[in-house]
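Below is one structure, written out as structure tokens; the observations come after it.
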Amino acid sequence: MARSPEGAVVLERIARGGGATRWFICRAPADLDAVAARLSPGSCVSFYFDQRMRREVFTAEVELQLRRIVGDANEVVICQEGLDDPELDVELVYGFDELAEYTALLGDRSVIYFGPFPGRDDDGEAAITVVLPDSDGVVRAHPH
């Protein structure tokens, strides 16, 4: 896969969070401090440097791509940038009906990140996944 010119999409799976996640955009190495300051102790954090979470302007063609993903996986992750904030606003959309409802709210030319829900890949190049230490400094396995 090609490297993303947009930087890295960061997925935090929150420890003891009952499946809760938070998503961030890290465009440059200098952005890492702002992202790291928001991460929770014990979380499993994945950095995706490739195009698995694509950044596109919402168009009819992008809507077709979203429909293909839903057709394959029955779900799609759609993110939008927050205002002056590295945290992304995320919606996990299930099925074609929810997708139609969500995309009806998107204005033409809205910028979105989207893709199937990514795994905890860690090949050292396209993706890196780490488990953060708990607040006592110990790295523990959690059912993220």
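For (1) more than 18 Å from the chain's Cα centre (by Cα); (2) modelled with pLDDT of 95 or more; (3) farther than 25 Å from R13 by Cβ, each residue gets a yes or a no:
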site: D72; (1), (2), (3): yes, yes, no
site: V76; (1), (2), (3): no, yes, no
site: D89; (1), (2), (3): no, no, no
site: D97; (1), (2), (3): yes, yes, yes
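The number of residues in the stretch 57-86 that are within 23 Å of D121 (Cα to Cα), open to solvent by 20 Å² or more (accessible area, probe 1.4 Å) and touching a strand residue (DSSP E or B) at 6+ places or on another chain (Cβ under 7 Å) comes to 5. Pairs linking a residue in the stretch 7-18 that is within 18 Å of S135 (Cα to Cα) to a residue that is of a type in the set (V, I, T), with Cβ atoms under 9 Å and 6 or more positions apart or on different chains, are E12/T21; E12/V35; E12/V45; R13/T21; R13/V45; I14/T21; A15/V131.
Note on the stretch 33-52: residues that are open to solvent by 40 Å² or more (accessible area, probe 1.4 Å), small (G, A, S) and under 19 Å from R140 (Cα atoms) amount to 1.
Of the conditions (1) of a type in the set (D, E, K, R); (2) open to solvent by 70 Å² or more (accessible area, probe 1.4 Å); (3) assigned to a helix (DSSP H, G or I); (4) in contact with a Gly (Cβ under 9 Å, 6 or more places away or on another chain), D89 clears all except one; give me its number. For D89, the failing item is (3). Cβ-Cβ contacts under 8 Å between residues 6 or more apart (or on different chains), taken from a first residue in the stretch 77-96 that is touching a residue at least 12 places away in the same chain (Cβ under 8 Å) to a second residue that is crowded, with 20+ Cβ neighbours inside 10 Å and part of a loop (DSSP other than H, G, I, E, B), are listed as V77/M53; C79/M53.
The values are calculated or read from the model by the stated rules, or taken from the named source; none is laboratory data. None of these values were measured; they are calculated from a predicted model. With ideal geometry, Cβ positions are generated from the backbone for all residues, glycine too; neighbour counts draw on all protein chains shown. Note: areas computed on protein heavy atoms with side chains; ligands, DNA, RNA excluded. Shrake-Rupley method; radii C 1.70, N 1.55, O 1.52, S 1.80 Å.
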